Amino acid sequence: MSIGEVIRYYRKRKNMTQEEMAQRLGVTAPAVNKWENGASYPDIMLLAPIARLLEISLDTLLSFREKLTAEEIDGIIREAEAKLKETSYEEAFQWAKSKLEQYPNCEPLIYFIAVIFDAQRIVQGISDAEKYDDYLCALYVRALESADETIRTKAADALVGFYMRKEQYEKAEEYLEYFSIQNPERKRKQAQIYGDIPISEIRSIENRRGTK
């Protein structure tokens, strides 16, 4: 089944109208209608909320897409890099979003798109770079679900770095859980986090942990 057919099937099983589903997700009823008719795909940031609302797993929701081959992923990555050189960041970003809506369960593609566009907004000095934060972080979080430990660890590493730049150190430390205990990078990253945290912030974190 297509993702639209999966949504329609489980929505009807829950006796939910398109209007009710749209209201719960913060979108319009025509948007839900387009998903179900195959005219468009849900934004990647809506995939988890849709799965929760329909009480199904992401695997069930995304089962309509087969995994891309390494060659296909490389081709999309090269195209993304070309778009970033030939067009504006925003235009290339929207193109990448549309690609991920077509292949929402391909964790390697999700991770590499996140890395490329996360790095390029810094390299290019995008003036409104922060407006892409939520989407790019959502991509990294999605990559954390990968069966490939290397992708999970790299995605976690990217999230650690992101929250350290934001000086949200407690949030950064949360993603160290995705590093295996044997991974020496876990201790090194933890030392780096605590090296950057002001003493007052460390005490605040310890106090909050003590109250749990």
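Some notes on this structure:
- Residue among Asp157, Asp118 that is part of a helix (DSSP H, G or I), in the same structural domain as Arg186 (by TED's automatic domain parsing) and closer than 21 Å to Ile76 by Cα: Asp118
- Annotation note: Cβ proximity below 7 Å between a residue of the stretch 171-187 that is more than 18 Å from Ile151 (Cβ to Cβ) and a residue that is of a type in the set (D, E, K, R) and modelled with pLDDT of 90 or more (sequence gap 6+ or interchain) occurs for no pair.
- In the condition set (1) modelled with pLDDT under 95; (2) within 17 Å of Tyr103 (Cβ to Cβ); (3) surrounded by 14 or more Cβ atoms within 10 Å (Cβ to Cβ), Arg8 is compliant with all but (2).
- In the stretch 42-65, the residue that is nearest to Arg142 (Cα to Cα) out of those that are of a type in the set (Asp, Glu) and outside any helix (DSSP H, G or I) is Asp43.
- Of the criteria (1) of a type in the set (A, V, I, L, M); (2) surrounded by fewer than 18 Cβ atoms within 10 Å (Cβ to Cβ); (3) assigned to a helix (DSSP H, G or I), which one Ala39 fails: (3)
- Residues of the stretch 154-163 that are within 13 Å of Arg188 (Cβ to Cβ) and not hydrophobic (A, V, I, L, M, F, W, C): Asp157, Gly161.
The values are calculated or read from the model by the stated rules, or taken from the named source; none is laboratory data. Computed from a predicted structure; not experimentally measured. When we count neighbours, we look across all protein chains shown, and the Cβ atoms used for this are built from the backbone with ideal geometry, even at glycine.
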